[in-house]
Amino acid sequence: MSRFLFALAALALPLPSAAASHQLDQGRVRFTAPDGWTVIMEKTDGDPQFLVFQVPNPQAPGTLSRIGVRLESVAGATGFSDDVKTALRKAKDGQGYKALPAQPGEYATLRYETAAEGVRQSVRLSFIHHGDRAIELSCIRPLEVTASGRWLADWNRACDELAKQLEQTP
C-alpha cells in the first residue's frame, strides 16, 4: 500500500481502508480518498466544481473535520494570482483570523486559525495552478476537540499527500 493510502486509511480507522477514486473537470483532475471519508458537498459540473469530504475523528465523533478540493477556470497566471489574493483577503476578514507560519517546502499554502459559528478552526489552504485551472485544497478541522497525536499526524500527512496528487494533475 502506498504511503498516501496508508496515511489516508489511518485517518478513517476503524473504517475500511479501501481508497475511492474521484474526479473533477470531466476526469482531467483525479485523486483518491479513503472510502471512510464521506462526501458531504459535491458539484462536478460547470464552473467551479468541488468535492468536500468529512474526515472521521474516532476521538470526537460528530465533529466536522473536512477536506475539500475546489476547481475553477482562471485566466492564466494572473487569474490564479487573483484567486489566491481573494482567498487571503477572505481569510483575513474572517472572525478571529490568526496567521500561522508555513511549513518547510510549502508553496502557495496559507495556514491560519479562525472562528466559524463560534468554533475555533485550523485551516490550511493549498493553491495549485495548472494552465487555465486553479485548484484549491482546503483542510479544516476544529481546534478544541479531542484528537490523538496519531490522528493529527495522519491528518497532516493526508493533506500533504492529497496536495501532491493534485500537483501531479496535467
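Quick look at the numbers
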{"quantity": "Subset of region 76-133 (residues that are among the acidic types (Asp, Glu), within 24 Å of SER65 (Cβ to Cβ) and surrounded by fewer than 14 Cβ atoms within 10 Å (Cβ to Cβ))", "calculated": "ASP93, GLU117"}
{"quantity": "Residues located in region 42-52, provided they are part of a strand (DSSP E or B) and either surrounded by 14 or more Cβ atoms within 10 Å (Cβ to Cβ) or touching a Lys or Arg at 6+ places or on another chain (Cβ under 7 Å) (or both)", "calculated": "LYS43, GLN49, PHE50, LEU51, VAL52"}
{"quantity": "Residue that is surrounded by the most Cβ atoms within 10 Å (Cβ to Cβ) [pool: residues in region 53-68 that are without any contact (Cβ under 8 Å) to a residue 40 or more places away in the chain and either closer than 19 Å to ALA20 by Cβ or among the hydroxyl-bearing types (Ser, Thr, Tyr) (or both)]", "calculated": "PHE53"}
{"quantity": "Scope region 139-159; condition of a type in the set (Asp, Glu) and out of contact with any strand residue (DSSP E or B) (no Cβ under 9 Å at 6 or more places or on another chain); matching residues", "calculated": "ASP154"}
{"quantity": "Some residue of region 47-58 being more than 18 Å from the chain's Cα centre (by Cα) and closer than 22 Å to GLU144 by Cα", "calculated": "yes"}
{"quantity": "Subset of region 126-170 [assigned to a strand (DSSP E or B) and in contact with a helix residue (DSSP H, G or I) (Cβ under 6 Å, 6 or more places away or on another chain)]", "calculated": "SER126, PHE127, ILE128, HIS129, ALA134, ILE135, LEU137, CYS139"}
{"quantity": "Selection from region 69-116 of residues that are within 17 Å of the chain's Cα centre (by Cα), part of a helix (DSSP H, G or I) and within 23 Å of HIS22 (Cβ to Cβ)", "calculated": "ASP83, ALA87"}
{"quantity": "Region 58-83: number of residues that are under 15 Å from CYS159 (Cβ atoms) and either at pLDDT below 90 or among the hydrophobic types (A, V, I, L, M, F, W, C) (or both)", "calculated": "2"}
{"quantity": "Residues that are polar (S, T, N, Q), modelled with pLDDT under 80 and either part of a helix (DSSP H, G or I) or exposed (fewer than 14 other Cβ atoms within 10 Å of the Cβ) (or both), drawn from region 1-40", "calculated": "SER2"}
{"quantity": "Search result, residues across region 98-151 that are within 23 Å of PHE80 (Cα to Cα) and among the hydroxyl-bearing types (Ser, Thr, Tyr)", "calculated": "TYR107, THR109, TYR112, SER126, SER138"}
{"quantity": "Filter pass, ALA108 being modelled with pLDDT under 90 and either over 20 Å from ALA60 (Cβ atoms) or aliphatic (A, V, I, L, M) (or both)", "calculated": "yes"}
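The values are calculated or read from the model by the stated rules, or taken from the named source; none is laboratory data. In this text, all values refer to a predicted model and were calculated from it rather than measured experimentally. As a convention, Cβ positions derive from the backbone with ideal geometry for all residues, glycine included, and neighbour counts pool all protein chains shown.
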